[in-house]
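Structure first, commentary second.
The values are calculated or read from the model by the stated rules, or taken from the named source; none is laboratory data. This structure is a prediction, so every number in the text was calculated from the model and none was measured. Every residue, glycine among them, receives a Cβ derived from its backbone with ideal geometry; neighbour counts consider all protein chains shown.
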Amino acid sequence: MNHPKISIITPSFNQGKFLEETIVSVIGQDYPNLEYIVIDGGSTDQSVEIIRKYERRLQYWTSEKDNGQSEAINKGLRMCTGDIITWLNSDDLFTPGALRRAADCFQKNPDAQLIHGRTILFGDIKKEITKGADDADLDVRYFSSIPFPQPSSFFTRKVLSEQGLLDEQLHYGMDFDYLIRIALNYRIAKTEEIFSKYRMHAHSKSVSSSRNFAVDWAKVFGKFLNTFDTKRAWITVLKQAGIVEETNGSYSSGKIFPDAVLKKIVMYFLEHQLYIYYELLDMQRVKLISGLIRENDPEFFRERKLQKIAGRSSMLSPGIIRLLRKFSR
(Lines give C-alpha, C1' and ligand atoms only; values in the text may rest on other atoms or scores of the structure.)
Protein backbone atom coordinates (compact mmCIF):
# COMPACT_ATOMS: atom_id res chain seq x y z
CA MET A 1 0.00 0.00 0.00
CA ASN A 2 1.20 3.50 -0.79
CA HIS A 3 1.72 5.67 2.29
CA PRO A 4 1.26 9.36 1.44
CA LYS A 5 3.01 11.71 3.84
CA ILE A 6 0.68 12.94 6.57
CA SER A 7 1.46 16.18 8.40
CA ILE A 8 -0.05 16.69 11.86
CA ILE A 9 0.19 20.04 13.66
CA THR A 10 -0.54 20.34 17.38
CA PRO A 11 -1.01 23.90 18.67
CA SER A 12 -0.75 24.13 22.42
CA PHE A 13 -0.66 26.60 25.29
CA ASN A 14 -0.52 25.57 28.95
CA GLN A 15 -2.13 22.22 28.21
CA GLY A 16 0.49 20.16 30.00
CA LYS A 17 -2.27 18.26 31.76
CA PHE A 18 -3.30 16.69 28.44
CA LEU A 19 -0.39 17.26 26.04
CA GLU A 20 1.56 14.06 26.63
CA GLU A 21 -1.47 11.88 25.92
CA THR A 22 -2.08 13.81 22.69
CA ILE A 23 1.54 13.44 21.52
CA VAL A 24 1.58 9.72 22.30
CA SER A 25 -1.66 9.24 20.34
CA VAL A 26 0.10 10.71 17.28
CA ILE A 27 3.55 9.15 17.44
CA GLY A 28 2.00 5.83 18.47
CA GLN A 29 0.11 5.57 15.17
CA ASP A 30 2.82 3.37 13.63
CA TYR A 31 2.36 5.28 10.38
CA PRO A 32 5.51 5.05 8.24
CA ASN A 33 5.35 8.49 6.63
CA LEU A 34 4.42 10.89 9.43
CA GLU A 35 5.51 14.51 9.88
CA TYR A 36 4.59 15.79 13.34
CA ILE A 37 4.94 19.45 14.31
CA VAL A 38 4.17 20.88 17.76
CA ILE A 39 3.73 24.65 18.12
CA ASP A 40 3.59 25.79 21.74
CA GLY A 41 2.64 29.36 22.59
CA GLY A 42 5.22 29.87 25.32
CA SER A 43 3.62 27.73 28.01
CA THR A 44 4.55 28.28 31.65
CA ASP A 45 3.46 24.84 32.86
CA GLN A 46 5.14 21.49 32.23
CA SER A 47 4.44 21.53 28.47
CA VAL A 48 8.01 22.21 27.29
CA GLU A 49 9.37 19.43 29.48
CA ILE A 50 6.85 17.05 27.92
CA ILE A 51 7.69 18.16 24.38
CA ARG A 52 11.44 17.70 24.99
CA LYS A 53 10.73 14.17 26.17
CA TYR A 54 9.46 13.29 22.68
CA GLU A 55 11.43 15.71 20.50
CA ARG A 56 13.27 12.91 18.66
CA ARG A 57 9.91 11.85 17.24
CA LEU A 58 8.97 15.37 16.12
CA GLN A 59 9.86 16.94 12.81
CA TYR A 60 9.86 20.35 14.47
CA TRP A 61 8.73 22.05 17.65
CA THR A 62 8.92 25.49 19.18
CA SER A 63 7.74 27.26 22.29
CA GLU A 64 7.34 31.00 21.88
CA LYS A 65 4.69 33.62 22.47
CA ASP A 66 2.14 33.96 19.68
CA ASN A 67 -1.21 35.60 19.02
CA GLY A 68 -3.31 32.52 19.52
CA GLN A 69 -4.35 29.26 17.94
CA SER A 70 -4.73 30.52 14.38
CA GLU A 71 -1.19 31.89 14.26
CA ALA A 72 0.17 28.73 15.88
CA ILE A 73 -1.49 26.47 13.32
CA ASN A 74 -0.29 28.71 10.49
CA LYS A 75 3.29 28.38 11.71
CA GLY A 76 2.91 24.65 11.31
CA LEU A 77 1.16 24.91 7.95
CA ARG A 78 4.04 26.99 6.57
CA MET A 79 6.48 24.25 7.52
CA CYS A 80 4.58 21.08 6.72
CA THR A 81 5.27 19.09 3.55
CA GLY A 82 2.62 16.38 3.75
CA ASP A 83 0.21 15.20 1.07
CA ILE A 84 -2.50 14.99 3.76
CA ILE A 85 -2.73 17.59 6.52
CA THR A 86 -4.66 18.37 9.67
CA TRP A 87 -4.21 19.82 13.13
CA LEU A 88 -4.94 18.04 16.39
CA ASN A 89 -5.44 20.22 19.43
CA SER A 90 -3.44 19.44 22.54
CA ASP A 91 -6.40 18.08 24.48
CA ASP A 92 -7.68 15.72 21.76
CA LEU A 93 -6.47 12.29 20.65
CA PHE A 94 -6.24 10.13 17.54
CA THR A 95 -7.70 6.64 17.78
CA PRO A 96 -5.32 3.74 17.02
CA GLY A 97 -4.73 3.32 13.29
CA ALA A 98 -6.45 6.60 12.43
CA LEU A 99 -3.77 7.80 10.01
CA ARG A 100 -3.68 4.58 8.00
CA ARG A 101 -7.45 4.64 7.73
CA ALA A 102 -7.44 8.30 6.70
CA ALA A 103 -4.88 7.62 3.96
CA ASP A 104 -6.99 4.69 2.79
CA CYS A 105 -10.09 6.90 2.61
CA PHE A 106 -8.27 9.36 0.34
CA GLN A 107 -7.15 6.51 -1.92
CA LYS A 108 -10.75 5.35 -2.19
CA ASN A 109 -11.91 8.95 -2.89
CA PRO A 110 -9.16 10.35 -5.16
CA ASP A 111 -11.21 13.40 -6.16
CA ALA A 112 -11.96 14.44 -2.56
CA GLN A 113 -9.85 17.23 -1.04
CA LEU A 114 -11.29 16.94 2.47
CA ILE A 115 -12.42 13.81 4.29
CA HIS A 116 -14.22 13.78 7.61
CA GLY A 117 -15.20 10.97 9.93
CA ARG A 118 -16.49 10.48 13.45
CA THR A 119 -15.16 11.19 16.94
CA ILE A 120 -15.71 9.92 20.46
CA LEU A 121 -16.68 12.64 22.93
CA PHE A 122 -15.17 11.96 26.34
CA GLY A 123 -14.10 13.76 29.48
CA ASP A 124 -16.53 15.87 31.50
CA ILE A 125 -19.61 13.92 30.41
CA LYS A 126 -21.41 10.98 32.01
CA LYS A 127 -20.61 8.54 29.22
CA GLU A 128 -18.67 8.54 25.97
CA ILE A 129 -20.67 9.51 22.89
CA THR A 130 -19.76 8.80 19.26
CA LYS A 131 -20.50 11.75 17.00
CA GLY A 132 -20.25 12.37 13.27
CA ALA A 133 -22.01 14.30 10.55
CA ASP A 134 -25.70 13.67 9.93
CA ASP A 135 -26.39 12.94 6.25
CA ALA A 136 -29.42 15.25 6.08
CA ASP A 137 -28.66 18.23 3.81
CA LEU A 138 -24.95 17.72 4.47
CA ASP A 139 -23.79 19.54 1.33
CA VAL A 140 -25.86 22.54 2.45
CA ARG A 141 -24.74 22.49 6.05
CA TYR A 142 -21.07 22.81 5.14
CA PHE A 143 -21.86 26.51 4.65
CA SER A 144 -23.84 27.04 7.85
CA SER A 145 -21.64 25.38 10.49
CA ILE A 146 -19.02 22.65 10.85
CA PRO A 147 -21.23 19.54 10.85
CA PHE A 148 -18.35 17.17 11.61
CA PRO A 149 -15.73 16.96 14.39
CA GLN A 150 -12.64 18.93 13.32
CA PRO A 151 -10.07 16.49 14.79
CA SER A 152 -11.57 13.78 12.58
CA SER A 153 -11.00 15.73 9.37
CA PHE A 154 -8.07 15.79 6.96
CA PHE A 155 -7.41 17.91 3.87
CA THR A 156 -4.94 17.77 1.00
CA ARG A 157 -1.86 19.77 0.07
CA LYS A 158 -3.83 21.00 -2.96
CA VAL A 159 -6.16 22.85 -0.57
CA LEU A 160 -3.26 24.42 1.32
CA SER A 161 -1.51 25.42 -1.92
CA GLU A 162 -4.60 27.02 -3.42
CA GLN A 163 -6.44 28.38 -0.36
CA GLY A 164 -3.48 29.38 1.76
CA LEU A 165 -3.43 29.75 5.52
CA LEU A 166 -6.04 30.29 8.22
CA ASP A 167 -7.38 33.81 8.76
CA GLU A 168 -5.49 34.99 11.85
CA GLN A 169 -8.09 37.70 12.48
CA LEU A 170 -10.41 34.87 13.51
CA HIS A 171 -9.56 33.21 16.82
CA TYR A 172 -12.68 31.03 17.06
CA GLY A 173 -14.12 30.82 13.55
CA MET A 174 -10.96 30.15 11.54
CA ASP A 175 -11.88 26.51 10.92
CA PHE A 176 -15.41 27.44 9.78
CA ASP A 177 -13.90 30.00 7.41
CA TYR A 178 -11.51 27.36 6.05
CA LEU A 179 -14.33 24.85 5.61
CA ILE A 180 -16.35 27.32 3.55
CA ARG A 181 -13.33 28.00 1.34
CA ILE A 182 -12.98 24.25 0.80
CA ALA A 183 -16.69 23.52 0.32
CA LEU A 184 -17.04 26.28 -2.27
CA ASN A 185 -14.26 24.87 -4.43
CA TYR A 186 -13.68 21.15 -3.84
CA ARG A 187 -15.37 17.83 -3.25
CA ILE A 188 -15.75 16.69 0.37
CA ALA A 189 -16.21 13.04 1.35
CA LYS A 190 -17.71 11.61 4.52
CA THR A 191 -16.70 8.33 6.14
CA GLU A 192 -17.99 6.42 9.16
CA GLU A 193 -14.44 5.84 10.41
CA ILE A 194 -13.77 7.00 13.99
CA PHE A 195 -10.53 8.95 13.71
CA SER A 196 -10.36 10.84 17.01
CA LYS A 197 -11.40 11.34 20.60
CA TYR A 198 -12.62 14.86 21.42
CA ARG A 199 -12.07 15.84 25.03
CA MET A 200 -14.86 17.75 26.76
CA HIS A 201 -13.66 19.80 29.73
CA ALA A 202 -14.49 23.11 31.35
CA HIS A 203 -11.44 24.96 30.02
CA SER A 204 -11.60 23.88 26.37
CA LYS A 205 -12.33 26.69 23.92
CA SER A 206 -15.48 25.03 22.61
CA VAL A 207 -16.93 24.85 26.13
CA SER A 208 -15.60 27.99 27.82
CA SER A 209 -15.86 30.41 24.87
CA SER A 210 -19.11 29.45 23.15
CA ARG A 211 -20.26 33.05 22.79
CA ASN A 212 -17.02 34.00 21.04
CA PHE A 213 -17.57 31.12 18.62
CA ALA A 214 -21.06 32.39 17.84
CA VAL A 215 -19.75 35.90 17.14
CA ASP A 216 -16.85 34.73 14.96
CA TRP A 217 -19.03 32.31 13.01
CA ALA A 218 -21.52 35.11 12.38
CA LYS A 219 -18.70 37.20 10.88
CA VAL A 220 -17.74 34.32 8.61
CA PHE A 221 -21.35 33.72 7.59
CA GLY A 222 -21.80 37.39 6.69
CA LYS A 223 -18.80 37.07 4.39
CA PHE A 224 -20.35 33.94 2.86
CA LEU A 225 -23.63 35.74 2.16
CA ASN A 226 -21.75 38.64 0.67
CA THR A 227 -20.39 36.28 -1.99
CA PHE A 228 -23.75 35.93 -3.76
CA ASP A 229 -25.98 38.34 -5.64
CA THR A 230 -29.09 37.05 -3.87
CA LYS A 231 -27.74 37.79 -0.40
CA ARG A 232 -29.11 41.29 0.08
CA ALA A 233 -32.41 40.36 1.70
CA TRP A 234 -30.78 37.93 4.12
CA ILE A 235 -28.01 40.34 5.06
CA THR A 236 -30.71 42.89 5.90
CA VAL A 237 -32.71 40.44 8.01
CA LEU A 238 -29.73 39.16 9.97
CA LYS A 239 -28.17 42.60 10.34
CA GLN A 240 -31.39 44.09 11.72
CA ALA A 241 -31.52 41.24 14.22
CA GLY A 242 -27.94 42.00 15.25
CA ILE A 243 -26.73 38.52 14.25
CA VAL A 244 -24.30 39.41 11.46
CA GLU A 245 -22.52 42.57 10.44
CA GLU A 246 -22.38 43.57 6.81
CA THR A 247 -18.91 43.15 5.37
CA ASN A 248 -17.12 44.04 2.17
CA GLY A 249 -15.31 40.70 2.19
CA SER A 250 -16.38 37.75 0.06
CA TYR A 251 -15.19 34.32 -1.01
CA SER A 252 -13.82 33.18 -4.34
CA SER A 253 -16.25 30.68 -5.82
CA GLY A 254 -17.85 29.58 -9.05
CA LYS A 255 -20.86 28.16 -7.23
CA ILE A 256 -24.36 29.52 -7.72
CA PHE A 257 -27.03 28.80 -5.12
CA PRO A 258 -30.74 28.96 -6.03
CA ASP A 259 -32.75 31.15 -3.66
CA ALA A 260 -34.34 28.11 -1.98
CA VAL A 261 -30.94 26.55 -1.24
CA LEU A 262 -29.51 29.79 0.11
CA LYS A 263 -32.56 30.13 2.34
CA LYS A 264 -31.98 26.65 3.74
CA ILE A 265 -28.33 27.49 4.41
CA VAL A 266 -29.46 30.57 6.35
CA MET A 267 -31.95 28.50 8.37
CA TYR A 268 -29.30 25.94 9.31
CA PHE A 269 -26.96 28.75 10.32
CA LEU A 270 -29.68 30.26 12.53
CA GLU A 271 -30.41 26.85 14.04
CA HIS A 272 -26.74 26.42 14.94
CA GLN A 273 -26.68 29.87 16.55
CA LEU A 274 -29.91 29.03 18.38
CA TYR A 275 -28.35 26.01 20.07
CA ILE A 276 -25.22 27.92 21.07
CA TYR A 277 -27.25 30.63 22.80
CA TYR A 278 -29.58 28.07 24.35
CA GLU A 279 -26.54 26.32 25.82
CA LEU A 280 -25.45 29.71 27.17
CA LEU A 281 -28.94 30.25 28.65
CA ASP A 282 -29.22 33.53 26.75
CA MET A 283 -32.99 33.26 26.46
CA GLN A 284 -33.46 36.70 24.92
CA ARG A 285 -31.23 35.66 22.04
CA VAL A 286 -32.94 32.27 21.78
CA LYS A 287 -36.36 33.91 21.47
CA LEU A 288 -35.05 36.29 18.80
CA ILE A 289 -33.46 33.56 16.67
CA SER A 290 -36.29 31.05 17.05
CA GLY A 291 -38.72 33.80 16.03
CA LEU A 292 -36.65 34.55 12.92
CA ILE A 293 -36.67 30.89 11.88
CA ARG A 294 -40.40 30.48 12.49
CA GLU A 295 -41.23 33.70 10.63
CA ASN A 296 -39.04 33.02 7.59
CA ASP A 297 -39.44 29.24 7.25
CA PRO A 298 -42.21 27.72 9.41
CA GLU A 299 -41.80 24.36 7.67
CA PHE A 300 -38.11 24.21 8.62
CA PHE A 301 -39.06 25.22 12.17
CA ARG A 302 -41.45 22.25 12.41
CA GLU A 303 -39.21 19.73 10.63
CA ARG A 304 -36.25 20.50 12.88
CA LYS A 305 -38.52 20.26 15.97
CA LEU A 306 -37.55 23.67 17.27
CA GLN A 307 -40.88 24.16 19.06
CA LYS A 308 -39.45 22.50 22.16
CA ILE A 309 -36.47 24.80 22.54
CA ALA A 310 -38.60 27.85 21.68
CA GLY A 311 -41.19 26.83 24.27
CA ARG A 312 -38.64 26.27 27.00
CA SER A 313 -37.02 29.63 26.37
CA SER A 314 -40.41 31.32 26.80
CA MET A 315 -41.79 29.33 29.74
CA LEU A 316 -38.81 28.32 31.88
CA SER A 317 -36.21 30.39 33.67
CA PRO A 318 -32.51 29.85 33.00
CA GLY A 319 -32.18 28.43 36.52
CA ILE A 320 -34.82 25.76 35.91
CA ILE A 321 -33.24 24.80 32.57
CA ARG A 322 -29.81 24.55 34.22
CA LEU A 323 -31.33 22.26 36.85
CA LEU A 324 -32.95 20.05 34.21
CA ARG A 325 -29.57 19.66 32.47
CA LYS A 326 -28.02 18.20 35.62
CA PHE A 327 -30.45 15.30 35.46
CA SER A 328 -30.27 14.73 31.70
CA ARG A 329 -26.48 14.73 31.16
Quick check on this structure: which one of K239, K264, K197, K205 is surrounded by fewer than 21 Cβ atoms within 10 Å (Cβ to Cβ), modelled with pLDDT of 95 or more and not small (G, A, S)? K264
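Restricting the search to the range 208-234, which residues are in a helix (DSSP H, G or I) and modelled with pLDDT under 85?
S208, S210, D229, T230, K231, R232, A233, listed by residue number.
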Out of (1) in a loop (DSSP other than H, G, I, E, B); (2) over 23 Å from the mean Cα position of the chain (by Cα), the odd one out for G249 is which? (2)
Verdict on I146 being surrounded by fewer than 23 Cβ atoms within 10 Å (Cβ to Cβ), of a type in the set (A, V, I, L, M, F, W, C) and farther than 25 Å from D216 by Cα: no
Could you check how many residues of the range 135-155 are more than 13 Å from R181 (Cβ to Cβ) and not in a loop (DSSP other than H, G, I, E, B)? 9
Residue under evaluation R118, criteria (1) touching a Gly at 6+ places or on another chain (Cβ under 7 Å); (2) modelled with pLDDT under 95, criterion not met: (2)
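Would you point out which residue out of R57, R78, R52 is touching a residue at least 40 places away in the same chain (Cβ under 8 Å) and among the basic types (K, R)? If you could, list the steps in order and put the result at the bottom.
Values: R57 fails: touching a residue at least 40 places away in the same chain (Cβ under 8 Å); R52 fails: touching a residue at least 40 places away in the same chain (Cβ under 8 Å).
Matching residue, one of R57, R78, R52: R78.
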Pairs with Cβ under 6 Å, 6+ apart, first in the range 121-146 and in contact (Cβ under 8 Å) with a residue 60 or more places away in the chain, second among the hydroxyl-bearing types (S, T, Y): L121/Y198; K131/T119; R141/Y268; S144/Y268
From the list G68, G97, G28, pick out the single residue that is surrounded by fewer than 20 Cβ atoms within 10 Å (Cβ to Cβ), touching a residue at least 40 places away in the same chain (Cβ under 8 Å), in contact with a His (Cβ under 8 Å, 6 or more places away or on another chain) and not hydroxyl-bearing (S, T, Y). G68
Complete set of residues in the range 156-202 that are among the β-branched types (V, I, T) and in a helix (DSSP H, G or I): V159, I180, I182
